[in-house]
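Chemist: Just dropping this structure here.
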Protein chains: 2
Amino acid sequence: MKEVARRAGVALSSVSRVLNDHPDVSDAMRAKVIAAIKELGYQPNLVASSLRRGSTKTVGFVVADISNPLFADITWGAERRLNRAGYSMVLTNSEGDPARDEKMVRLLRRRRVDGLIISLADETRKETIAELKHLEVPIVLIDREVGDLASASAVLADHAEGMRRATELLFDLGHRRIGLIGPSESTRPGRERLAGFKAAHSSRRVGVDWDLVKLGGLSPAFGEAMAHELLNLKDPPSALISAGNLLLVGTLRALHRARVSVGSEISLVSCDDVPLAELYNPPITVVDRNTVEMGEIAAGLLLERLEDPEAKPRVATVPTRLIVRASTAAAR
Amino acid sequence: MKEVARRAGVALSSVSRVLNDHPDVSDAMRAKVIAAIKELGYQPNLVASSLRRGSTKTVGFVVADISNPLFADITWGAERRLNRAGYSMVLTNSEGDPARDEKMVRLLRRRRVDGLIISLADETRKETIAELKHLEVPIVLIDREVGDLASASAVLADHAEGMRRATELLFDLGHRRIGLIGPSESTRPGRERLAGFKAAHSSRRVGVDWDLVKLGGLSPAFGEAMAHELLNLKDPPSALISAGNLLLVGTLRALHRARVSVGSEISLVSCDDVPLAELYNPPITVVDRNTVEMGEIAAGLLLERLEDPEAKPRVATVPTRLIVRASTAAAR
């Protein structure tokens, strides 16, 4: 590399940037360095250089569902940050299947990724955790907690606080029977959202009615089925928290089918400010968070450990904020 | 490999599947083969084997905007199909910037991907096309056409037919002044949608009013600005085609701001059946296509050439269909 730098008349760091395919190298600089390499008969390629330095400059990403706009935002934020630092993202999709988590981690280990970003479909599955422990590279969990995984940093959203505030808003509007549809407690968002819901009930000294709590999925189909069940109770809730943007899609389908108007006949809260929530009539109150930023932070937590092997894993938390709109109205 | 198969007591093809990290290999089979490899002192890893066989079992994907739900669907469909065939996807994002297309293609070339799937930000940029020609691996274009790129297959959506039918629907409802907001003509969807719009005008012997045609972007901001302009014309259109799901987001923002009701005061058509279109009140008429299937087809077109070097590039077209809903109503 020193010889190449001398021949090209550029700094050693410039040669390194060209060889590592840093995206911000100018075409002129790249041409100079490549010409010098050719003159010296040196044949670099990223696969060969990864063997030499034991690094592939790739980061594996296991996402639960790329077609969910939230995961797409997180992926976007992470890829942009990694790319700027000279890393490429190998994207895999667990499709929400806990057994595929394990398969994808194993695949990425054998691909010798330098690091892993993962949003597990199930935090509690032993085989996946064992596979993660096998991995000798830094790991960043996205909105997940795995007890004794010493190698993992994490970026978390403060769902509990957002959900507590949303539930208290509904109490303030006079609602007493509040339904909750949310993801399973086997992942952190499910547990945290339930914790916030419960905290609001205790602070108002109202007991949780467990018939109104439906946890277990993230899909439109789950949201629709659970909303349908809640609407058909003898004493249905006067307000509904549909804690997920795809759950909202299903919940609205059920409400349309039952001809129940949002706002006037039932109050509705959802999570994450997707276009549907913003532009629905009436606009829907949501607990929002910055998902693109979560992806950027995940990549940053990984990069700090890739760049400094002494750096310790750490946890970053992003806030949630309650956006109050016309879908939440006074109880009748 | 023969020695390993003998030692493990399994078929040669099973050893190959384990070494190529085929995802459907059982854990027991993998353990057997790995044990035999260790006994024989043979150290496989995917990076090393990629050097031996000149293949990395990776496919590069250059997507224009992963946070757009359509691209997320396409990515999901493609990744699933590639993964089943033993390939991993290296995801890069051009962020809709034509200069980044070129950078990303160059990066993926140096990463020695076995194939490339790309949705170019601009089909006409010479530098990018030159870089694509450099690439000595099969290419699949997603909804793009590049004149003399002999190495490229393509999966295309029949936007022109869908847009022609949507425009004719509006003529049938009595509309004569129809606005069109759409992507730039530098990519195929922009050209095709305009072609369908024009075809409907000629078939009804109505001249296109070019003051009502606003092509140039895909973002919510572009949609909002153009809808605002059209609404403020002296003689505004009675119907609007907002040809893109993010353009729809911006268009609805402009309509809300101007307090113009969809359906009763202005007819509205969009493209792609996202939750916002389905659940808006009134529901929005769309030209739909199966985007997950487009991703699967793109991966399939690539795999047929990776598996058979004699296979020729080819073009597959997916249909669009018009879903008529209450947002399109008789002109007043």
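Chemist: With springs only between Cα atoms under 10 Å, which of B:ARG100, B:ARG193, B:ARG111 fluctuates most in a Gaussian network model of chain B?
Modeler: B:ARG111
Chemist: Here's something else I'd like to know. Accessible area per residue, 1.4 Å probe, Å², for region A:119-216: what's the number?
Modeler: On a per-residue basis, region A:119-216 sits at 40 Å².
Chemist: How far apart are the A:GLU293 label points across copies, placing each 7 Å from Cα toward Cβ, in nm, shortest first?
Modeler: 4.1
Chemist: Quick one: label points 7 angstrom along Cα→Cβ at A:GLY54, distances to the other copies in nm, smallest first?
Modeler: 3.1
Chemist: In region B:92-201, what GluC sites (Glu not before Pro) fall in a loop by DSSP, with at most 13 other Cβ atoms inside 10 Å?
Modeler: Answer in residue order: B:GLU136.
Chemist: In degrees from 0 to 90, rounded to the nearest 10, what is the angle of the helix A:98-110 Cα long axis to the longest principal axis of chain A?
Modeler: 10 degrees
Chemist: While we're on this one: For region B:159-289, what % of the accessible area comes from carbon and sulfur atoms, probe 1.4 Å?
Modeler: Here it works out to 48 percent.
Chemist: Under unit Cβ charges (Lys, Arg +1; Asp, Glu -1), what dipole magnitude, rounded to 20 debye, does the protein assembly as shown have relative to its Cα centre?
Modeler: It works out to roughly 1020 debye.
Chemist: Using the charge dipole of chain B (Lys, Arg: +1 at Cβ; Asp, Glu: -1 at Cβ; taken about the Cα centre), state which of B:SER202, B:ALA277, B:THR58 has its Cα farthest towards the positive end.
Modeler: The residue sitting most towards the positive pole is B:THR58.
Chemist: Could I ask something else about it? Going by alpha carbons, how many degrees (0 to 90, nearest 10) lie between the helix axis of A:245-257 and the longest principal axis of chain A?
Modeler: 30 degrees
Chemist: Hey, another quick one. Rounded to the nearest percent, how much of the accessible area of region A:58-155 (1.4 Å probe, protein heavy atoms only) is carbon and sulfur?
Modeler: Whole-percent figure for carbon plus sulfur exposure: 47.
Chemist: Shortest first and in nm to one decimal, what separations exist between B:LYS126 and its copies in the other chains, measuring from label points 7 Å along the Cα-to-beta-carbon line?
Modeler: For B:LYS126, the inter-copy label distances come out at 6.5 nm.
Chemist: May I ask for the accessible area buried between chains A and B, both sides summed, probe 1.4 Å, to the nearest 100 Å²?
Modeler: 4900 Å²
Chemist: Which residue, B:MET89, B:MET29, B:MET294, tops the fluctuation ranking in a GNM of chain B built on C-alpha contacts under 10 Å?
Modeler: Among B:MET89, B:MET29, B:MET294, the largest GNM mean-square fluctuation belongs to B:MET29.
Chemist: Next question, about the same structure. In debye, nearest 20: dipole of chain A around its Cα centre with unit charges on the Cβ of K, R (+) and D, E (-)?
Modeler: 560 debye
Chemist: First check a/c for the protein assembly as shown, with a ≥ b ≥ c the square roots of the eigenvalues of its C-alpha gyration tensor; if it is under 1.5, answer rounded, and if not, answer prolate when a/b is larger than b/c or oblate otherwise.
Modeler: oblate
The values are calculated or read from the model by the stated rules, or taken from the named source; none is laboratory data. Not measured: the values here are computed from a predicted model. Note: ideal-geometry Cβ built from the backbone for every residue, glycine included; neighbour counts use all protein chains shown. All accessible areas refer to the heavy atoms of the entire protein, side chains included, with ligands and DNA or RNA removed. Shrake-Rupley method; radii C 1.70, N 1.55, O 1.52, S 1.80 Å.
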